1. Identify, by number, the condition in (1) at pLDDT below 95; (2) among the aliphatic types (A, V, I, L, M); (3) surrounded by fewer than 20 Cβ atoms within 10 Å (Cβ to Cβ) that A333 doesn't meet.
2. Can you name the residue in the range 62-86 that is aromatic (F, W, Y) and touching a Phe, Trp or Tyr at 6+ places or on another chain (Cβ under 8 Å) and, of all such residues, is nearest to G149 (Cα to Cα)?
3. Would you check which residues across the range 245-289 are surrounded by 17 or more Cβ atoms within 10 Å (Cβ to Cβ), out of contact with any Phe, Trp or Tyr (no Cβ under 8 Å at 6 or more places or on another chain) and among the hydrophobic types (A, V, I, L, M, F, W, C) and list them?
4. From the set of residues in the range 183-201 that are touching a strand residue (DSSP E or B) at 6+ places or on another chain (Cβ under 8 Å) and more than 22 Å from L284 (Cα to Cα), which is surrounded by the fewest Cβ atoms within 10 Å (Cβ to Cβ)?
5. Condition first: surrounded by 21 or more Cβ atoms within 10 Å (Cβ to Cβ), outside any loop (DSSP other than H, G, I, E, B) and either touching a residue at least 24 places away in the same chain (Cβ under 8 Å) or out of contact with any helix residue (DSSP H, G or I) (no Cβ under 6 Å at 6 or more places or on another chain) (or both). Can you find one or more residues in the range 159-168 that meet it?
6. Restricted to the range 290-305, and to residues that are touching a helix residue (DSSP H, G or I) at 6+ places or on another chain (Cβ under 7 Å) and under 30 Å from R252 (Cβ atoms), which residue is surrounded by the fewest Cβ atoms within 10 Å (Cβ to Cβ)?
7. Out of all the residues in the range 156-207, which are touching a Ser or Thr at 6+ places or on another chain (Cβ under 6 Å) and either outside the structural domain of W240 (by TED's automatic domain parsing) or not small (G, A, S) (or both)?
8. Just one of E184, E204 is assigned to a helix (DSSP H, G or I) and modelled with pLDDT under 95; which is it?
Amino acid sequence: MPELTEFAGLPVVEFPASGTTEERLERIRERGGDPHAPASVAWRLRTHEGDGYPHAEDRCGEHVARFLSVVDTEQVGALVLGAWGYPTEGGPEEFLESLIEHADKLPNLRSVFVGDIELEESELSWISHGDLAPFVAAFPRLEKLSVKGAVGMEGELELHVPEHASLRSLMLETGGLPGRVVREVVSSGLPALEHLELWLGVEEYGGDSSASDLAPVLSGEGFPRLRYLGVRNAEKVDAWIPVLAEAPVVRRLEVLDLSLGCLTDEGGRVLVDRAEAFSGLRGLDLHHHYLGEEMEGRVRVAFAGTGVEVDLSERLEPSYHSWSDEPYYYTAASE
């Protein structure tokens, strides 16, 4: 996925990783930012600027300190953390620890994206993380957390938050999400959570999540304010559909997002047969799918007149290898 240009409804502006203070200020202004009125943008911090290499003189902690000294951070509402040195050689701990240390200088921080890293910098499956819970706890007014990467070469994501009263949106973008991480998330105390987006990915890259891992959410008992559930980028999305058709939580959701995965005619048949179970939704996102043309039409007919807006864009064809007659289906993101 390309680097972010917008986050939390705000344009992303880079805080330069190199140059004198005046040079940095000039480059910030050129990119549409104002260090003295910083609430109108999401600030990206990373230790290099798209050249693929970290600047040796600019460690994560030093970069954060310089950001705090140049920008009026009391107004900052959104941060985007890009590459921290070489992302394949460790997680963002130095970035996060520096921000935790100076949490009092970011009193209005509401939205954070961790891991805005391009393919040229690191494969998705190589992006390492550690325990993000202390960071979440350090910002009790945080409302939105998005994380890219999970099981990297040097660390695995952890995210169990015993109690956080403000977090409303949580997104984990991965090529393979371990069931362990799902269990940590769903056992967290997040009473305000409205948006839960899980990119389950493929087993080859650590994606071994199952319905039992998500059971507290599916039952409707976890996250009582949940209105959006994303089971996205899932290799086995067909198997999730009958489970979701029986899940009490679906009756109160506004949007069910099953996009970016390997939805085939097998899953399509269940959607048609169990359309009534999903008829209370406002939106059903199925884009990036492998439904045949006939099955796509049947799904459309099944939901016609229900008030459910169904996104069936980006219909794909399976691939075939020379050594096998079996079709191959690919999620939008894996490696």
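The values are calculated or read from the model by the stated rules, or taken from the named source; none is laboratory data. Only a predicted model underlies this, so the values are computations on that prediction, with no experimental measurement involved. Reconstructed Cβ throughout: ideal geometry from the backbone, glycine too, with neighbour counts over all protein chains shown.
1. Failing condition for A333: (3).
2. The extreme case among them is W84.
3. Selection gives A247, V249, V270, A277, L281, L286.
4. Among residues in the range 183-201 that are touching a strand residue (DSSP E or B) at 6+ places or on another chain (Cβ under 8 Å) and more than 22 Å from L284 (Cα to Cα), the one surrounded by the fewest Cβ atoms within 10 Å (Cβ to Cβ) is E184.
5. no
6. R298
7. Answer for the range 156-207, where residues must be touching a Ser or Thr at 6+ places or on another chain (Cβ under 6 Å) and either outside the structural domain of W240 (by TED's automatic domain parsing) or not small (G, A, S) (or both): H160, V161, M171, L177, V182, H195, W199, L200, V202, Y205.
8. Criteria check complete, one pass: E204.
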